[in-house]
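Each remark here refers to the structure printed beneath this line.
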Amino acid sequence: MLLIPCPWCGNRDEVEFRYGGQAQVPYPVDPTSLDDAAWADYLFVRDNHCGSYAERWVHADGCRRWFDVVRDTATNEFAP
Amino acid sequence: MTRLPSGGRIDRGRTVECEVDGVPLRGHPGDTLASALLAAGRLEVAPSVYLGRPRGVLTADPGEPNALVQVLDDPEPMVPATEVELRDGLAALSLSGVGRADPGGAARCEKRYRHADVVVIGAGPAGIAAALAAGRSGARVYLVERHRELGGALLDGDERIDGVPGAKWVARAACELAARPETRVLTRATVTGHYDHGYLLVAEHSAPEQRPPWQRLWHLRARRVVLATGARERPVAFPGNDRPGVLLAGAVRRYLRRFAVLPGERAVVGTTGDSAYATALDLVAAGASVPLLVDARPEPPAALLARARDAGVPVRTGAAVIGTSGERWVSAARVSALDDRGRPVGPVDVPECDLVAVGGGWNPAVELSRDPLVWDAEIAAFAPDGDAAVGAARGSFGLRDCLAQGFAAGAAAAAATGFPVVAPPIPPVDADPAPARVRPLWMIQGDEESSFVDLQRDVTVADVRRAVDAGLRSPEHVKRYTTLGTGSDQGATSNVLGLGVLATLLGIEPGDLGTTASRPPVRPMRFELLAGRDRGALHDPVRTTPMHDWHVRAGAVFEDVGQWKRARHYLRPGEDMAAAVLRECTAARTGVAMMDATTLGKIDVIGPDAGEFLNRVYTNGFAKLTVGKARYGMMCTADGMVFDDGVTMRLAPEHYLMSTTTGNAAAVLDRLEEWLQTEWPQLSVHCTSVTEQWATIAVAGPDSRTVLARVAPELDVSAAGFGFMEFRDAVLRNGIPARISRISFSGELAFEINVASWYGQAAWDAVFADGADLGITPYGTEAMHVLRAEKGFVIVGQDTDGTVTPLDLGMDWVVSKRKSFIGDRSFARPDTARSDRKQLVGLLPVDRDALLPEGAQLVEPDATRTPPVPMLGHVTSSYRSAALGRTFALALVRDGRRRVGEVLHAPIGGADLAAEVTDPVFYDPEGARRDGHQPR
Ligand SMILES: [Zn+2]
């Protein structure tokens, strides 16, 4: 079980969190201006690589804040 | 009798009486079932699982593959007799590899969650040293040992540390550790998994005399882990190596030293390294004869040869035990010289014996290591490549090395957690030097069908050869092909041996093969321990409404909706569910009925931007909703699929009260907060769950206005004075403040009364009393489902499944074209916009009494019934209707709206049910019943 660094609460057990997928995939400012491929890319396509990965978590059973972290998907180590 | 007259770490002052396979067995506290069986001369255990071959105890540790038992008052199937501590009244059956799970657990199981700076796994000399060093820093230290006492191999030998015998040094260390306030020692505690970020699961159990027994599952979060898990001896695959009387050499020594049990009178010892010499010497010291010690190495250390000679033990070097003979038990060993490639050459000696002690080398116990494993040719085994493991777990077998590594690792671990400390000086050690290099010896040429690699799985060298002949090379593939290492012992004695055999057959070095991955739990783990107290009523929180007890008294049959208990229907004497639901529906359509709707999710949405926020969240508009009015809303995910729905009221310009489906309340709140925090932080809005704060009573039916007029006498409940989708604050006749809305999920005139939850029962009582003369009928969720389905109202999660848009449901009216909202762009995606998607339709079975099963697939009448059958959709809701006097259903059907009037078939168990596709609104399509009639 991961030990996840909540920026508000400090390190807490993974069971207190929910995963939010890749970070920095903002909702498009004007979705109607996107063509179908670009919109599908926003909806369905995320990076999935081995190594450093920016991702979102929410401290659901704690402070309920969303935050971004960088985790190595091979070792599960969080970048400081 | 093979119990020695003295020695051992058993309590000879007391005798313990137990029973194995119905035969009485005596032993002493401190014995295991295995040691007591050996002491009683009961060498044979249950036959092997597949081949039915006679078997005996092989080991003295939890990796025992043969001596498996079922303890009769213990739910755990198949435990190794080597791990069962003797106690009075213990009764066990020996097992041939198949146990029996008994659901009736007697043990009390609990969990503990702890944080530690340093956790040391294993309390042999290296682990004790690490715990001592770390503990002296003041760090919070856990030392976890699976045996009942600390010491590991120090309890089996003659080593001296700091001028005292090893066992005494252990006792002193135990005293020091016990005195440290921040150090905790767990015994009878097995680490079953070592997960990310120092997370450890530890299964601890009580001492055998504890009644009732207890178990604890420790969740330890360690900032540093020191692995001092020791090493396990491995056998050699020679013909007849599974015969009772063949034991591992280290196990023989442990039975002698720790249990004062002599497993044989006349022993042949076969080894590939130094350690079995001590076994031979101990056997002689215990009064046994050792007619031959066979060392595979051509030139063992001279000092060892001298000690054997002094003890009168003949040693044959460059040779090996190549087989056994005997009726059932060993009566002789077969011994031959080996050539330089390890093959038997020359004449075969057949010394008589009743015990063959085999040492094939020691494998570091690496299953808890998170470091990569590398092949160490010196010990012919895999060892972790890192500094987390110390002592034998790293492949260092000399006592001085074990202590040095333990002290250093303990101090370093403490320092790394902020508790700097200097490693203690290594005390004077009087012990054998670190052992010399072993000669790898995996298999002996001969009858491969009787050369066993995995005794628990009855896997032989012949099986491995068949895998190789089938073209398999990877250890993972060979494991699955042969089942080698898949027993409950998880390959403790067989994994590395299997690699060696595989490498030998392939003509390569084991190090070139890599090893199979260990996955937690690395020891079998009890489900009851994982569950702990989270079982039965404590498994999951149960949420009940303030009126729950009333429902119970009224004969409610409950269903689970999320964690809520909701009344599904109320049974009257002589009724079944179908009759009750028809009665409840009739009341709602023709008189008045009431339902506890408290469980609907309720969220306060407050702030200057609340209207704008809801506009973005819902597919329809809320910013312009008038204060005092309510509106049905639907929300979608970004891909345009229906996520949730419900009615939201505007209580004040900056205050909305949203309702959600019962099961989705938490998910909706999560989602609102996610978008507020991550996408629209500039919006000033706060969301608060108020589900538990309000009790809700739905009153439905043409007579509901009469009841409301009585319950809230001050309130104008006329159709003109209280419009549909409006709400009023009111005071009930019994003084309870209430918020009353006119909303309907049945198509009938209906009201919802919301009161503070502590008034829920009183408000319910008032409504029930005021409707008594009108026959007011409590109705449950099943009737509610029927009533809404008759009107074609969907239930999110029943009629939708995450692939359905509002447009698929025919709810275009709820999708605004004048504002943007989450998911709107998706309605223009080619797949979402096509006109032949699965759409919500009604179904009327041609046979008016035939009930379509929910989930039934729908096909064209003449569709082929040979797979693949072209499926058009499925039934989502299906009921008997009192109002319609027949059955009906809702369904999602491809291009469904264009199919109205067609007949489709639902193939059910070989027969077809025919149904006509209809509009999904079956009852009162013009909405004439919504405003009811004036109060009586
Ligand atoms: Zn937090």
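Checking the conditions here, which among B:Pro867, B:Pro806, B:Pro853 is at pLDDT below 95 and not in a helix (DSSP H, G or I)?
Numbers: B:Pro806 fails: at pLDDT below 95; B:Pro853 fails: at pLDDT below 95.
So the residue among B:Pro867, B:Pro806, B:Pro853 that is at pLDDT below 95 and not in a helix (DSSP H, G or I) is B:Pro867.
Residues in the stretch B:133-164 that are open to solvent by less than 10 Å² (accessible area, probe 1.4 Å) and among the small types (Gly, Ala, Ser): 5 in all.
So which of B:Val552, B:Val496 ends up being open to solvent by less than 30 Å² (accessible area, probe 1.4 Å) and either under 30 Å from B:Trp214 (Cα atoms) or not assigned by the TED database to the domain that holds B:Pro384 (or both)?
When all the criteria are applied, what remains is B:Val496.
When residues in the stretch B:372-383 are screened for being over 18 Å from B:Tyr277 (Cα atoms) and open to solvent by less than 50 Å² (accessible area, probe 1.4 Å), 6 of them pass.
Can you tell me how many residues in the stretch B:547-570 are within 15 Å of B:Met594 (Cα to Cα) and of a type outside the set (Gly, Ala, Ser)? Adding up the residues that qualify gives 8.
I'm trying to understand the selection: among the residues of the stretch B:620-636, which are more than 14 Å from chain A (Cβ to nearest Cβ), assigned to a strand (DSSP E or B) and either modelled with pLDDT under 95 or open to solvent by less than 30 Å² (accessible area, probe 1.4 Å) (or both)?
The answer is B:Ala630, B:Gly633, B:Met634, B:Met635.
When B:Gly823 is tested against (1) at positive phi; (2) exposed (fewer than 14 other Cβ atoms within 10 Å of the Cβ), just one condition goes unmet, and that condition is (2). Counting only strands (runs of 3 or more DSSP E) that sit wholly inside the stretch B:1-101, those with at least 3 residues that are free of Cβ contacts under 8 Å to residues at least 60 places away in the same chain and over 19 Å from B:Ala492 (Cα atoms) are B:23-27. Just to check your reading of the model, which residue among B:Val84, B:Val119, B:Val69 is open to solvent by less than 10 Å² (accessible area, probe 1.4 Å), outside the structural domain of B:Glu149 (by the TED database) and β-branched (Val, Ile, Thr)? Just one listed residue meets the conditions, B:Val69.
Can you confirm whether the stretch B:278-296 contains a residue that is over 25 Å from B:Ala377 (Cα atoms), touching a Pro at 6+ places or on another chain (Cβ under 6 Å) and surrounded by 24 or more Cβ atoms within 10 Å (Cβ to Cβ)? Please lay out each step first, then the result.
Restricting attention to the stretch B:278-296, the residues satisfying the condition of being over 25 Å from B:Ala377 (Cα atoms) are B:280-292.
So of that shortlist, the ones also touching a Pro at 6+ places or on another chain (Cβ under 6 Å) come out as B:291-292.
From the residues that got through so far, the ones that are surrounded by 24 or more Cβ atoms within 10 Å (Cβ to Cβ) too are none.
Checked the stretch B:278-296: no residue is over 25 Å from B:Ala377 (Cα atoms), touching a Pro at 6+ places or on another chain (Cβ under 6 Å) and surrounded by 24 or more Cβ atoms within 10 Å (Cβ to Cβ).
Would the stretch B:394-410 turn up any residue that is modelled with pLDDT under 95 and in a loop (DSSP other than H, G, I, E, B)? Among the residues of the stretch B:394-410, not one is modelled with pLDDT under 95 and in a loop (DSSP other than H, G, I, E, B), which makes the answer no.
Of the residues contained in the stretch B:851-862, one or more are found to be within 43 Å of the chain's Cα centre (by Cα) and loosely packed, with under 15 Cβ neighbours inside 10 Å.
All of B:Ala409, B:Ala404, B:Ala414, B:Ala381 fail the test of being out of contact with any Asp or Glu (no Cβ under 6 Å at 6 or more places or on another chain), closer than 25 Å to B:Arg297 by Cα and aliphatic (A, V, I, L, M), apart from B:Ala381. Residues of the stretch A:64-79 that are among the charged types (D, E, K, R) and within 16 Å of the ligand (Cβ to nearest atom): A:Arg64, A:Arg65, A:Asp68. Only residues that are more than 17 Å from the chain's Cα centre (by Cα) and within 13 Å of another protein chain (Cβ to nearest Cβ): list them for the stretch B:185-219, please. Within the stretch B:185-219, B:His197, B:Gly198 meet the criteria.
Among the residues of the stretch B:236-248, those that are out of contact with any helix residue (DSSP H, G or I) (no Cβ under 6 Å at 6 or more places or on another chain) and under 26 Å from B:Phe382 (Cα atoms) comprise B:Val236, B:Phe238, B:Asn241, B:Asp242, B:Val246, B:Leu247, B:Leu248. Within the stretch B:311-322, is there a residue that is among the charged types (D, E, K, R) and part of a strand (DSSP E or B)? Yes; the residues of the stretch B:311-322 include at least one that is among the charged types (D, E, K, R) and part of a strand (DSSP E or B).
Taking the criterion of being assigned to a helix (DSSP H, G or I) and not assigned by the TED database to the domain that holds B:Asp770, the residues of the stretch B:565-613 that qualify are B:Ala610, B:Gly611, B:Glu612, B:Phe613.
In this structure, does B:Thr493 turn out to be over 24 Å from B:Leu441 (Cβ atoms), polar (S, T, N, Q) and in a loop (DSSP other than H, G, I, E, B)? If you could, list the steps in order and put the result at the bottom.
On the way: over 24 Å from B:Leu441 (Cβ atoms): no; polar (S, T, N, Q): yes; in a loop (DSSP other than H, G, I, E, B): yes.
Spelling it out, it is not the case that B:Thr493 is over 24 Å from B:Leu441 (Cβ atoms), polar (S, T, N, Q) and in a loop (DSSP other than H, G, I, E, B).
Having 2 or more residues that are over 24 Å from B:Glu85 (Cβ atoms) is the bar; report the strands (runs of 3 or more DSSP E) wholly within the stretch B:104-189 that clear it. Don't jump to the end; show me each part of the working.
Numbers: elements: B:108-121, B:141-144, B:183-186.
Counting at least 2 such residues, we get B:108-121.
For the stretch B:637-670, a residue qualifies if it is at negative phi and within 11 Å of chain A (Cβ to nearest Cβ), and the qualifying residues are B:Thr637, B:Ala638, B:Asp639, B:Met641, B:Ala666, B:Ala667, B:Leu669, B:Asp670. Answer yes if at least one residue in the stretch A:64-75 is surrounded by 17 or more Cβ atoms within 10 Å (Cβ to Cβ) and at the interface with another protein chain (Cβ under 7 Å from one of its Cβ atoms), and no otherwise. Checking the stretch A:64-75: at least one residue is surrounded by 17 or more Cβ atoms within 10 Å (Cβ to Cβ) and at the interface with another protein chain (Cβ under 7 Å from one of its Cβ atoms).
Starting from residues that are within 8 Å of another protein chain (Cβ to nearest Cβ) and within 16 Å of the ligand (Cβ to nearest atom), keep the ones in the stretch A:1-57 and report whichever is nearest to B:Thr192 (Cα to Cα). Checked the stretch A:1-57; the qualifying residue nearest to B:Thr192 (Cα to Cα) is A:Leu2.
The values are calculated or read from the model by the stated rules, or taken from the named source; none is laboratory data. Values in this document were obtained by computation on a predicted structure and should not be read as measured data. We place every Cβ from the backbone using ideal geometry, glycine too, and count neighbours over all the protein chains shown. These accessible areas exclude ligands, DNA and RNA; they are computed on the full protein's heavy atoms, side chains included. Shrake-Rupley method; radii C 1.70, N 1.55, O 1.52, S 1.80 Å.
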